[in-house]
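Written below as structure tokens is the structure these notes are about.
No value in this document is a laboratory result; all are computed from the given coordinates. Quantities reported herein were computed from a predicted structural model and do not represent experimental measurements. All Cβ positions, glycine included, derive from the backbone under ideal geometry; neighbour counts span all protein chains shown.
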Amino acid sequence: MVTLTLYLQYIVNGLTLGAIYSLIALGYTMVYGILKFINFAHGDILMVGAFVGLIVYEALLGTSTSGAWMLIAFFIAMIASMAFCAVLGMFIERVAYKPLRNANRLAPLLSAIGVSFILSNGAAWMFGTQSRRFPYPFDNTPLTFLGISITPHQILILVVSVAMMLVLAFFVNKTRMGKAMRATSLDQPTSQLMGINVNRVISLTFAIGSALAAVGGILAAFDFRVYPSMGTMTGLKAFVAAVIGGIGSIPGAMLGGILLGILEAVGAPLLHIPNGLRDTVAFAVLIIVLLFRPEGILGKNEREKV
């Protein structure tokens with residue numbers, strides 16, 4: 001029998017999982033909002049971020065076991081990972097996507113798939129195919145409140161994710177470059193006529209999306225470990241979250257990630273779906289959304305003149 005306490009436990013687990021999906025989904029939706037194409041290499045940038053974070057964290061940690069230094073080293077590693085992935089995202093955009101902006105829409109999609117294979121196979125060649133554990137920078141003993149258990153890792157996910165989303169919302173809505181990004185997403189030619197450097201805006205969009213993916217990769221690595229193909233399924237489910245919320249809508253990506261996380265955490269145990277089939281929840285929800293509201297929850301149904 002499923003009790004109220006167990007329901008609440010599932011929801012807490014879903015919120016933390018959904019927060020990771022939201023961070024990654026933001027990268028998909030920001031790129032689509034401006035360029036109208038899906039960056040299917042985004043999940044592999046997540047993987048690169050996890051590897052960079054792990055390498056920097058282990059290098060900083062050394063033989064130290066000090067609790068305070070472990071936490072400081074973790075946040076330094078996260079910042080280093082964000083910076084590396086931001087540069088990587090801009091490089092990929094400049095080399096693999098920018099020359100194809102005026103090509104058939106299929107061309108950048110195929111290029112993105114090619115970049116995805118290069119990143120995943122390159123990581124397998126450099127680091128091997130064995131998964132690596134990302135050690136917790138703190139004691140992860142669960143805390144219990146009213147029968148509901150929550151780990152320090154889950155608290156970290158919620159705090160970091162909410163902070164990142166608030167900073168992004170402030171940047172997009174209140175800063176000059178954020179307004180330039182919104183203008184570019186609406187009309188690139190007019191934005192250029194108004195003096196906006198569209199190329200710079202697009203590069204910045206890839207940088208921000210890639211940095212958020214790095215954070216998502218590190219937060220997910222505690223539970224899923226670090227390995228070359230870790231970004232494949234996580235990236236696909238984050239893409240599903242972006243579609244559910246409304247691809248191209250930043251609030252939609254956040255909402256879609258949270259909803260997908262809760263549906264996956266609550267739906268699988270309630271429907272007695274085996275662990276090996278849990279991923280089917282996300283794609284079943286995707287099919288339902290595409291059938292009844294293809295523009296997503298917060299998306300807009302746009303008509304194109306031919």
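Data table
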| item | result |
| --- | --- |
| Exposed GluC sites (Glu not before Pro) absent: longest stretch of the chain, with sites in DSSP loops and at most 10 other Cβ within 10 Å deemed exposed | 1-301 |
| Computed E for Glu58/Arg94 - FRET, C-beta separation, R0 41 angstrom, nearest 0.05 | 0.85 |
| Between segment 7-35 and segment 181-195, the alpha-carbon center distance in angstrom | 28 |
| Full-stretch length increase - Ile79, Arg225 - with 0.36 nm per residue and alpha-carbon distance subtracted | 50.6 nm |
| Close Lys-Lys pairs in the chain, where close means Cα under 20 Å and separation is 8 or more or interchain | 6 |
| Highest-fluctuation residue, Gly231, Gly53, Gly276 considered, GNM on the chain with Cα pairs under 10 Å | Gly276 |
| Hypothetical label at Ile273: residues of segment 211-243 whose amide nitrogen lies under 17 Å (7 Å Cα-Cβ projection) | 233-243 |
| Cα centroid separation - segment 228-291 against segment 73-90, whole Å | 26 |
| Residues Lys237, Lys98, sorted so that the one with the fewest Cβ neighbours within 10 Å comes first | Lys98, Lys237 |
| Rounded if a/c under 1.5, otherwise prolate or oblate - segment 181-280, Cα gyration tensor axes | prolate |
| Low-density loop cleavage sites - chymotrypsin sites (Phe, Trp or Tyr not before Pro) in segment 75-169, where at most 16 other Cβ are within 10 Å (DSSP) | Phe138 |
| Inter-label distance for Phe170 and Asn197, nm, one decimal - labels placed 7 Å from Cα along Cα-to-Cβ | 2.4 |
| Nearest 10 degrees, 0 to 90: helix 198-224 Cα axis against the chain principal axis | 20 |
| Computed helical MRE - 222 nm, the chain, DSSP H runs ≥ 4 contributing -39500 (n - 2.57), nearest 500 | -24500 deg cm²/dmol |
| Shape of segment 1-101, Cα gyration tensor, a/c cut at 1.5 | oblate |
